[in-house]
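**Q** One structure coming up, written as structure tokens, with questions to follow.
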Amino acid sequence: MAQIEFEKRPVAQDLCWPGNRRIAVVFNLAFETWSPGATSGVGPMGNVLADGLFDPNADSYGQYNANRGIARLLAILERRGVPATLMTSGLLAETCADDLRVLARQSQDIVGHGLAQDMVFATLSMDEAERSVARSTAAIEAAIGRRPTGWISPRVTSSSEHQRLFAAHGYEWHGDVLDGDLPYVQRFDQGEILAIPMSVEFNDLPHAMRFGRTPGQFVDLFREALAGIQSQPEETIILDVFAHGHCYGRPAAAWAIDEIAKLCCADSSLWLTTRSSIAAHCAQIGQKAA
């Protein structure tokens, strides 16, 4: 996966969120699917079939995302009045265009998430990556009537060469970096894009599938971390909560997302926002500084 040089510039010397708040919380919901013949890399059985055999169990598990799970998660956040960043596979934008159109009218932050989850950029040629970005962007635009402004790759995995590609396709921001706490501008030889780092501590898939922890532990992990952060000297950060429709979109776990949303809503010091709203805030600060 090629890396190219770029200029890295902070948005501001002392970045602060609206209302002089210091902690932004983003609920990232994964609205995902896989290419025909491919399946989720994780499933409830925990073991992968040998010799690359197609696994109907993992396939059915992954289909729960679009069939039921993502709707439950969105309904939970809507009841709490909490916005969501909806990471959307291009194939779902093509097959579930009507559903996506309704979500766009509900002011959800719909962002590009690759054509399919098995198409991780590190495994693709640049031509294949280009086609994934172009087709996904066109599908989302056709569904919701506007081009998405943000991109988060499958597995949050892309190189700086891919990130230059996002900028070339008109994206204003991407979330494919883990190397800091605050947004920064990437300036390439042609064009620039805002990189908004992800935080990785609160992700339902590794929490449940890799570590075998419970939904209650997920809530406790967030509660304890937030209390610990607030006990430290003040600094501006982003806390990400990730939920996948086929994992914590199920009844036995979705309540944990509700509990975290409830906890956040009770704390007026938190900015409950979306990644696109963070990008807009940074752009406004940049305009004032210019």
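**Q** Test of understanding: ordering Thr214, Thr274, Thr137 by Cβ neighbours within 10 Å, fewest first, what list do you get?
**A** Thr214, Thr137, Thr274
**Q** Net charge near Glu7, counting Lys/Arg +1 and Asp/Glu -1 over other residues with Cβ under 9 Å of its Cβ?
**A** With Lys, Arg at +1 and Asp, Glu at -1, the neighbours total +1.
**Q** Now a separate question. DSSP loop (so not H, G, I, E, B), at most 14 other Cβ within 10 Å: list which GluC sites (Glu not before Pro) in region 101-205 pass both filters. Kindly include the intermediate steps, with their values, before the conclusion.
**A** Working: sites: Glu128, Glu130, Glu141, Glu161, Glu172, Glu192, Glu201; in loops: Glu172, Glu201.
Here the GluC sites (Glu not before Pro) that fit, given the DSSP loop and packing criteria, are Glu201.
**Q** One-quarter of the Cα convex hull surface for region 183-283, in nm²?
**A** On the way: hull surface 33.1 nm².
Average of the hull's projected areas for region 183-283 equals 8.3 nm².
**Q** Taking amide H atoms as placed 1.01 Å from N in the peptide plane, list the residues 5 or more away in sequence, or in a different chain, whose amide H sits under 5 Å from that of Gly245.
**A** Ala30, Glu32
**Q** Now a separate question. With a cap of 15 neighbouring Cβ atoms within 10 Å, and only residues DSSP puts in a loop, list the trypsin sites (Lys or Arg not before Pro) found in region 127-161. Let's see the in-between values first.
**A** On the way: sites: Arg131, Arg135, Arg146, Arg155; in loops: Arg146.
Here the trypsin sites (Lys or Arg not before Pro) that fit, given the DSSP loop and packing criteria, are Arg146.
**Q** What are the trypsin sites (Lys or Arg not before Pro) within region 183-290 that DSSP puts in a loop, where the Cβ has at most 16 other Cβ atoms within 10 Å? Please list the in-between numbers first.
**A** Values: sites: Arg187, Arg210, Arg213, Arg223, Lys262, Arg275, Lys288; in loops: Arg213.
Filter output for region 183-290: Arg213.
**Q** Pull up all non-local amide H partners of Leu239: gap of 5 or more, or a different chain, and H-to-H distance under 5 Å with H placed in the peptide plane.
**A** So Leu239 has HN proximity to Ala24, Val25, Val26.
**Q** In sequence order, what are the phi-derived ³J(HN,Hα) couplings for region 123-131 according to the Karplus relation 6.51 cos²θ - 1.76 cosθ + 1.60 with θ = phi - 60°, rounded to whole Hz, with x for glycine and proline?
**A** Result, ordered by residue: 9, 10, 6, 5, 5, 5, 5, 4, 5 Hz.
**Q** For Arg79 paired with Ala266, estimate the spin-label separation in nm (one decimal), with each label point 7 Å from Cα along the Cα-to-Cβ line.
**A** 1.6
**Q** Same structure, new question: Based only on other Cβ atoms within 10 Å, what is the fewest-to-most ordering of Leu178, Leu49?
**A** If I rank by nearby Cβ atoms, fewest first, I get Leu178, Leu49.
**Q** Okay, next question. Whole-Hz Karplus ³J(HN,Hα) for region 211-227, in order, using 6.51 cos²θ - 1.76 cosθ + 1.60 and θ = phi - 60°, x for Gly and Pro?
**A** The phi angles translate into 9, x, 8, 8, x, x, 5, 4, 5, 4, 4, 5, 4, 5, 5, 4, 4 Hz.
**Q** Pull up all non-local amide H partners of Leu115: gap of 5 or more, or a different chain, and H-to-H distance under 5 Å with H placed in the peptide plane.
**A** The answer is Gly90.
**Q** Another question, if that's okay. Identify which of the listed values of percent of Cα pairs over 30 Å apart was calculated from the structure shown: [x] 34; [y] 52; [z] 29.
**A** [z]
**Q** Which shape class applies to region 170-241: rounded if a/c is under 1.5, otherwise prolate when a/b exceeds b/c and oblate if not, where a ≥ b ≥ c are the square roots of the Cα gyration tensor eigenvalues?
**A** Working: a/c = 3.98, a/b = 1.72, b/c = 2.32.
Because a/c hits 1.5 or more and a/b fails to exceed b/c, region 170-241 counts as oblate.
**Q** Per residue of region 36-42, in order, report the coupling 6.51 cos²θ - 1.76 cosθ + 1.60 (Karplus, θ = phi - 60°) as ³J(HN,Hα) in whole Hz, putting x for Gly and Pro.
**A** x, x, 10, 9, 4, x, 10
**Q** Using a basic spin-label model with each label point 7 Å from the Cα along Cα→Cβ, how many nm lie between Asp59 and Asp127?
**A** In this crude spin-label approximation the distance works out to 2.9 nm.
**Q** Is region 127-251 rounded, prolate or oblate when judged by the Cα gyration tensor, a ≥ b ≥ c being the square roots of its eigenvalues, rounded requiring a/c under 1.5 and prolate requiring a/b larger than b/c? Intermediate results must be reported in sequence, preceding the final value.
**A** Numbers: a/c = 2.45, a/b = 1.50, b/c = 1.63.
Oblate, since a/c reaches 1.5 and b/c is not below a/b.
**Q** Same structure again: With each label point set 7 Å from Cα along the Cα-Cβ vector, what nm distance links Asn47 and Ser35?
**A** 2.8
**Q** May I pose another question? With a ≥ b ≥ c the root eigenvalues of the C-alpha gyration tensor of region 228-290, is it rounded (a/c under 1.5), prolate (a/b larger than b/c) or oblate?
**A** The shape class here is oblate.
**Q** By counting other Cβ atoms within 10 Å of each Cβ, how are Cys96, Cys265 ranked from fewest to most?
**A** Going from sparsest to densest Cβ surroundings: Cys265, Cys96.
Coordinate-derived values only; no laboratory data. Nothing here was measured: the structure is a model prediction, and the numbers come from that model. All Cβ positions, even for glycine, are placed from backbone atoms using ideal geometry, and neighbour counts span all protein chains on display.
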